[in-house]
1. With the requirement that a residue be closer than 17 Å to Tyr313 by Cβ, surrounded by 18 or more Cβ atoms within 10 Å (Cβ to Cβ) and either of a type outside the set (D, E, K, R) or in contact with a Cys (Cβ under 7 Å, 6 or more places away or on another chain) (or both), what does the stretch 258-300 give you?
2. Can you name the number of the only condition in (1) over 19 Å from Ser117 (Cβ atoms); (2) at pLDDT 90 or above that Pro101 fails?
3. Return yes or no: is Glu324 loosely packed, with under 15 Cβ neighbours inside 10 Å, not hydrophobic (A, V, I, L, M, F, W, C) and not in a strand (DSSP E or B)?
4. Among the numbered criteria (1) surrounded by fewer than 23 Cβ atoms within 10 Å (Cβ to Cβ); (2) out of contact with any Phe, Trp or Tyr (no Cβ under 8 Å at 6 or more places or on another chain); (3) closer than 21 Å to Thr143 by Cα; (4) touching a residue at least 60 places away in the same chain (Cβ under 8 Å), which one does Cys108 miss?
5. What pairs come up if the first residue lies in the stretch 653-675 and is assigned by TED's automatic domain parsing to the domain that holds Val620 and buried (at least 17 other Cβ atoms within 10 Å of the Cβ), the second is at pLDDT below 85 and hydroxyl-bearing (Ser, Thr, Tyr), and their beta carbons are under 8 Å apart, counting only those six or more places apart or on different chains?
6. Could you check Lys342 against (1) assigned to a loop (DSSP other than H, G, I, E, B); (2) crowded, with 21+ Cβ neighbours inside 10 Å and say which number it fails?
7. Can we say Ile217 is at pLDDT below 80 and either part of a helix (DSSP H, G or I) or touching a Leu at 6+ places or on another chain (Cβ under 6 Å) (or both)?
8. I'm checking my understanding of the structure. Among residues of the stretch 163-213 that are farther than 30 Å from Asn245 by Cα and in a loop (DSSP other than H, G, I, E, B), which one is modelled with the lowest pLDDT?
Amino acid sequence: MAFTTLRGASSGLLAVLKKGSRLRRRKSAKNASPGASQAQPGEAGSQHPASAIASLATLTGIISQYLDPKDVERVKEAYRFADQAHLGQFRASGQPYISHPIAVAEICAGWKLDVDSLMAALLHDVIEDQDVTKQELAERFSTDVAEIVDGVSKLERLEFATKAQQQAESFRKMLLAMSRDVRVILIKLADRLHNMRTLGAVGAEKRRRIASETMEIYTPIAHRLGLNALFRELQDLCFAAIYPNRYAVLHKALLAARGNRREVLSKIAETVRSALPAAGIEAELSAREKSLYGIYTKMVEQKKTFSEVLDIYGFRVIVHTLPECYLALGTLHQLYRPVPGKFKDYIAIPKLNGYQSLHTTLVGPYGTPVEFQFRTHDMDHVAEEGVASHWLYKDSSTTLSDMQKRTHQWLQSLLDIQSQTGDSGEFLEHVKVDLFPDSVYVFTPQGKILSLPRGATPVDFAYAIHTDIGNKAVASKVNGEFAPLRTELKSGDMVEIITSAASRPSAQWLNYVRTGRARSEIRHYLRTVKYAESVAFGERLLNQAFDQLHLPHPAPDDPEWEKLAKGSGAVSREEILADIGLGKRLAAVVARRFSPENTLLATTAAEVDELTSATSAPIVIHGNEGQAVQLAPCCGPLPGDAIIGGIRLGHGLVVHMDDCPVAQRQRQKEPERWIPVVWDQNTARHLTTRLDVTLLNERGVLGRLAAEVTRADSNIIHLTMQDDAMSSGVLHLTVQVDSRKHLAQVIRAIRHVPQVQKIVRVKG
């Protein structure tokens, strides 16, 4: 049985800590903007040509162990091309710039990436910095190499309004390239890792900016792809760059604690070393420390001091087979008392990034809590290298593992989000939402496990199943019981979505969905439906204007539409109609353009007043027109109420009660935007209105009131209570009714409750 000694057990973390301490001493850094690999020729380093030696020996030694000699020669050819392209270009340290691509290629070689990846790593800056074209790389090397290099390259030469817009578009380009070939992001992560390792010469403000971006984007991506070793190192490097003083203090405290607890950990290691072979288990045991950033995060989240964070140290037990993981766990549970609630089985239910392991925390000697992880050699390989340990772009006939399938689904979701997203900033916002490290695991009614971000709701679940399920979701069941769509799901929940063909996404869902896919699908639907409804409503308004002005209705292919569109900045007839429906254009003004006597647009307020007064016939309101016609939430108009309609710029027609205070104020400011409206004879059902009910605060009164509302064939959709005194209070109700007459029935039913003192309909 092989064990690492305790003295050398933390060598991996110590290497990270040493790298972090060197951040304060190093003078070599690439003076580049985030995500780039730029340095200007002759910059700083040209003064130190003596140190300017870049060697390919280390890289050649690594790749010679797993690549064919022909492939090694191809890598050398890419090196020669990159070296020539970067000739005369130096980094701030004085080293030739080619030293950076070599370092990136060495990191990729450590993951045993293929020959195209290594060539692309060496060439990853030649398009961006040296005006080498993608076509030239494809002809000189291969199409795959050219595509990867292009995916890694930023968008520096295009004009953008702001730096943030340029950055967002560069991320979008990179992530979409990653969705087609995961090697793009692996090279980008290696590039960012070397930049972070050599950040010492950059000014403090720029260092914090680059580190913050790394922590916000690249670190979560590394975690999402299962690159845990890279993830931890990037976290510590970012921590050192953003909070150098806190990093130094914690580093010093960790070194002191390591010495104080060495005896306890040695005793635990000796006990485990004896117990596992006695149980017939051959294993490798290694000690591990929580990363400095992990310790800092725990201190902040749990409001603890360093001395109160006890589970800093742990052990990893690596066995040969999956059953031995559980046998080893049982063996150690007999040695030390497990901490309740600290056992996690990530083998039966892997993490979102494919991570598999058993976790338990045991109370060791002197009451010290120590975490143990149990996994096989394959699990350990995947845990450290994640998606880099398997290829998603090999032969399509190869059977994919569960981790590969999950990663492939996430990469595919990037394409889905892109297809539904308006701009690069919104795309990046949706992707950030999907990069949460914590997950919950829920079940479909068929027993399939779905991983969702912590805080996800049944709406997220519905869209994770299928877009149509999400768009038609009307209710949900969690563990067999009805639950609101905004319910926060917990691991182990069984979720069922109830759909209706008449249901549609609500803008309110955006307040509580957590996945980028759900957010982008909802926004896309609302944009599309609102546009279609606005076109239809705009056509209704325009046809009414034609009738009032006694003008014939022009055909859709009438040449005047094209003239009108060109003269007013619109693209098509549909866009003009949508603008009318959204209140951006007045229907009477557009209709007058088709008059033989007057082909000019109204330009003065007097002309607008004249034209709008001509269209005095009321618009018929059904109540189910969609977003083009909205019933004002301030007064909740119902069929039977006297109503007035206001055309609100960008929102269409908003219908208020005629005596609504909000409407009266707005009519005084912009009278020209208000038009007469009337209810249709057949209006929509289940409209909402608000009631304030003053009642005595007695036991059971709420139940009696709800029963009376139900008996009146209505439904309470929102309820809040305002206590004015110990004995009475005001109940704020939002109820569903069909008309003003139905509302009167509901009010009469509520009066049957003896404790009710007063009922007021809220109209403003």
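The values are calculated or read from the model by the stated rules, or taken from the named source; none is laboratory data. Fair warning: this is a prediction, and the values are worked out from it, not measured in the lab. When we count neighbours, we look across all protein chains shown, and the Cβ atoms used for this are built from the backbone with ideal geometry, even at glycine.
1. Within the stretch 258-300, Leu265, Ile268, Ala269, Val272, Leu285, Ser286, Ala287, Ser291, Leu292, Tyr293, Ile295, Tyr296 qualify.
2. Unmet condition: (1).
3. On the way: loosely packed, with under 15 Cβ neighbours inside 10 Å: no; not hydrophobic (A, V, I, L, M, F, W, C): yes; not in a strand (DSSP E or B): yes.
When the stated conditions are applied, Glu324 does not pass them.
4. The one condition Cys108 does not meet is (1).
5. Ile675/Thr612; Ile675/Thr615
6. Failing condition for Lys342: (2).
7. Numbers: at pLDDT below 80: yes; either part of a helix (DSSP H, G or I) or touching a Leu at 6+ places or on another chain (Cβ under 6 Å) (or both): yes.
Considered against the rule, which asks whether it is at pLDDT below 80 and either part of a helix (DSSP H, G or I) or touching a Leu at 6+ places or on another chain (Cβ under 6 Å) (or both), Ile217 comes out as yes.
8. Here is the first cut: in the stretch 163-213, the residues farther than 30 Å from Asn245 by Cα are 165-166, 168-187.
Still in the list and also in a loop (DSSP other than H, G, I, E, B): 181-182.
Working: Asp181: 72, Val182: 75.
Among those that are farther than 30 Å from Asn245 by Cα and in a loop (DSSP other than H, G, I, E, B), it is Asp181.
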